[in-house]
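Report on the following structure.
The values are calculated or read from the model by the stated rules, or taken from the named source; none is laboratory data. Bear in mind the structure is a predicted one, so any value in this text is a computation, not a measurement. Cβ placement follows ideal geometry from the backbone for every residue including glycine, while neighbour counts extend to all protein chains displayed.
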């Protein structure tokens, strides 16, 4: 998984019971149990090769890499939403069903009112890729998201957010003409620029989706202007 070093390997089974708590309804518990064939933690980046980040916004001492085998990939979004909310540390979830796989990321901060809890700022799940053979997306993952290719190692949050934003770019490579340039740019060394990049990419995707649903020339013109403004901001980041 992401060519992570052996020293981070855990390969431990995880029980689903702790996830079946009062935050879920009876129907959600039933669906969660029926959706998961097995769950484990494969790796955990810890120690100080990549420094921790502990401040008013984050308490990040590790990044977990989970592996969840599903009975159906259709349940990935449902299961990912539950797991990411209940696992306090930053984690990457690989979902698989024996044929396909996808990855789920979530940017989490400390809850200002209760620092023992976290707030999920945003969640991103990639599209599906084949488990058994490489395709363009899997090749790009190796080029840009493998352990040795992440550029910002100032701390674990920087490392994680670079992975998450690059995953979004790879699975939205045709979002606009400058996505490849972003992947190859130096913005990753700047945490604030990486955060801004992710937010702008999400906004651009939503605007382009809205543009396909407009019914009037005036609405389309307004959205096109907004799209151009977002693209300009993305270009200015580089």
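A few points about this structure:
- If only residues of segment 164-178 that are over 19 Å from residue 102 (Cα atoms) and either buried (at least 17 other Cβ atoms within 10 Å of the Cβ) or in contact (Cβ under 8 Å) with a residue 40 or more places away in the chain (or both) are counted, the one that is nearest to the chain's Cα centre (by Cα) is 175.
- Residue in segment 189-205 that is within 21 Å of residue 105 (Cα to Cα) and outside any helix (DSSP H, G or I) present: yes
- Wholly enclosed strands (runs of 3 or more DSSP E) of segment 90-147 bearing at least 2 residues surrounded by fewer than 17 Cβ atoms within 10 Å (Cβ to Cβ) and touching a strand residue (DSSP E or B) at 6+ places or on another chain (Cβ under 7 Å): 100-110, 118-125
- Some residue of segment 5-19 being closer than 20 Å to residue 123 by Cα and buried (at least 16 other Cβ atoms within 10 Å of the Cβ): yes
- Among residues that are closer than 17 Å to residue 81 by Cα and either outside the structural domain of residue 89 (by TED's automatic domain parsing) or modelled with pLDDT of 95 or more (or both), residue 6 is not included.
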